[in-house]
Structures are given as C-alpha cells and as structure tokens.
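A.B. asks: Got a structure for you, questions after.
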C-alpha cells in the first residue's frame, strides 16, 4: 500500500511539473505576440 501511495504522489508531481512548464511556455508566447503587435502598431 505504501508503494502505491508513493507512486501516485510521484505521478502527480510529474504531472503538475509538466503543466507548470506548459503554463510558462504559453505565457511567454502570449507576451512575445503582444510585444510584436505593439511594436508593429507604433511604426
């Protein structure tokens, strides 16, 4: 039982880690897109 709980916790940790990486990547892409659009609008 103890090993099952440990495996479940490790799986949840890696799942959250991947989700956090995705959030950071999406936020960075949105920032770069906004920055580019603002730069083009001021030309």
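Bear in mind that the values in this text are calculations on the coordinates, not laboratory data. Computed from a predicted model, the values in this text were never measured in an experiment.
A.B. asks: Given the DSSP H assignment, sum -39500 (n - 2.57) over each helix run of at least 4 residues in the chain and divide by its residue total; what's the result at 222 nm in deg cm²/dmol, nearest 500?
C.D. replies: Only helices count here, giving -34500 deg cm²/dmol.
A.B. asks: Measure nothing fancy, just the Cα-based angle from helix 2-41's long axis to the longest principal axis of the chain, in degrees from 0 to 90, nearest 10.
C.D. replies: Its long axis makes an angle of about 0 degrees.
A.B. asks: Could you work out how much longer the chain between residue 26 and residue 3 gets when fully extended? Use 0.36 nm per residue separation minus the Cα distance between them, nm to one decimal.
C.D. replies: Between residue 26 and residue 3, full extension yields an extra 4.8 nm.
A.B. asks: Separate question: By what distance, in whole Å, do the Cα atoms of region 1-41 stretch along each of the three principal axes, largest value first?
C.D. replies: Ordered largest first, region 1-41 gives principal extents of 60, 5, 5 Å.
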